[in-house]
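Below you'll find the structure, written out as structure tokens, and then a few comments.
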Amino acid sequence: MHDKQELRGSFILAPVPVVLVACAHEELGRNLLTIAWCGIDCSDPATVHVSIRPERHSYRMISESGCFTVNIPTAEMTETVDLCGVISGREFSDAEGDKFDRAGLTAHPAKIVQAPLVAECPINLECEVKNMIPVGVHHMFIGEVVAKHADSEVLVEGKLDFSKIPLITYVNGEYWSLGKPVGSYGFSKKA
């Protein structure tokens, strides 16, 4: 028998992906934020969500522009990813640039949406907001993926090779890197 104890305090679902969300707004410029409250919602149409507190600088940008990009960073980018999560785009004057500049990241024009891609991230998703749902202190932006991009060096025969992408995750206040694969979908029926 397993001895189970009730946990109090923090919410634990781990690991969760860590992504850089980029947005742009005609009046407010562009911004980046680090998000771990995100995920896949549907495969057809391809739909993802990002959950953001209304007081965040990017919240207004995304709600008014109707778009955002999800950029998947690598473990080598962890310090930069953390920086983008702990500083606010509100902190910069025009002379200082923006969070892209402060983090040393490159804003690459998206193909369809107004929000930029993060060039240093090997995978980028362009998303159009389809719905926004208040779910407590966060509001969930549901975005349809309207374009997908990947660096050619992480592709093998047109498919993503995740062995070439050292992903990071968020686990109870810490960043973790993912190790090797331990199985694939349906492998239990093949044995």
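Looking for something closer than 20 Å to Leu155 by Cβ, of a type outside the set (Ser, Thr, Tyr) and at pLDDT 95 or above - is there at least one such residue anywhere in the stretch 54-70? Give the steps one after another, and end with the answer.
So the first thing to find is which residues in the stretch 54-70 are closer than 20 Å to Leu155 by Cβ, and the list is 69-70.
In the following step, the residues that additionally are of a type outside the set (Ser, Thr, Tyr) were identified as 70.
From what's left, at pLDDT 95 or above: 70.
Yes, the stretch 54-70 contains a residue that is closer than 20 Å to Leu155 by Cβ, of a type outside the set (Ser, Thr, Tyr) and at pLDDT 95 or above.
Tally up the residues in the stretch 119-176 that are under 14 Å from the mean Cα position of the chain (by Cα) and hydrophobic (A, V, I, L, M, F, W, C), please.
Count: 11.
So in the stretch 11-38, with the set limited to residues that are modelled with pLDDT of 90 or more, of a type in the set (Gly, Ala, Ser) and at negative phi, which one is surrounded by the most Cβ atoms within 10 Å (Cβ to Cβ)?
Ala22
Tell me, please, whether a residue that is at pLDDT below 95, in a loop (DSSP other than H, G, I, E, B), within 30 Å of Arg8 (Cα to Cα) and open to solvent by 60 Å² or more (accessible area, probe 1.4 Å) can be found in the stretch 150-162.
Within the stretch 150-162, none of the residues are at pLDDT below 95, in a loop (DSSP other than H, G, I, E, B), within 30 Å of Arg8 (Cα to Cα) and open to solvent by 60 Å² or more (accessible area, probe 1.4 Å).
Looking at Arg90, Arg8, which is the one that is touching a helix residue (DSSP H, G or I) at 6+ places or on another chain (Cβ under 7 Å), modelled with pLDDT under 95 and surrounded by fewer than 15 Cβ atoms within 10 Å (Cβ to Cβ)? If you could, list the steps in order and put the result at the bottom.
Numbers: Arg8 fails: touching a helix residue (DSSP H, G or I) at 6+ places or on another chain (Cβ under 7 Å).
When all the criteria are applied, what remains is Arg90.
Could you list, in sequence order, the residues of the stretch 125-172 that are touching a residue at least 60 places away in the same chain (Cβ under 8 Å) and farther than 30 Å from Gly66 by Cβ?
Answer for the stretch 125-172, where residues must be touching a residue at least 60 places away in the same chain (Cβ under 8 Å) and farther than 30 Å from Gly66 by Cβ: Pro166, Val171, Asn172.
Can you find a residue in the stretch 53-64 that is in contact with a strand residue (DSSP E or B) (Cβ under 9 Å, 6 or more places away or on another chain) and within 16 Å of Leu125 (Cα to Cα)?
From the stretch 53-64, those in contact with a strand residue (DSSP E or B) (Cβ under 9 Å, 6 or more places away or on another chain) are 53-54, 56-64; that's our starting set.
Subset that is within 16 Å of Leu125 (Cα to Cα): 62.
Yes, the conditions are met somewhere in the stretch 53-64.
The values are calculated or read from the model by the stated rules, or taken from the named source; none is laboratory data. Predicted model only: the values in this text are computed from it and were never measured. Don't worry about glycine lacking a Cβ; one is built from the backbone with ideal geometry, like all the others, and counts go over all protein chains shown. Areas reflect the complete protein model, heavy atoms only, side chains present, ligands, DNA and RNA absent. Shrake-Rupley method; radii C 1.70, N 1.55, O 1.52, S 1.80 Å.
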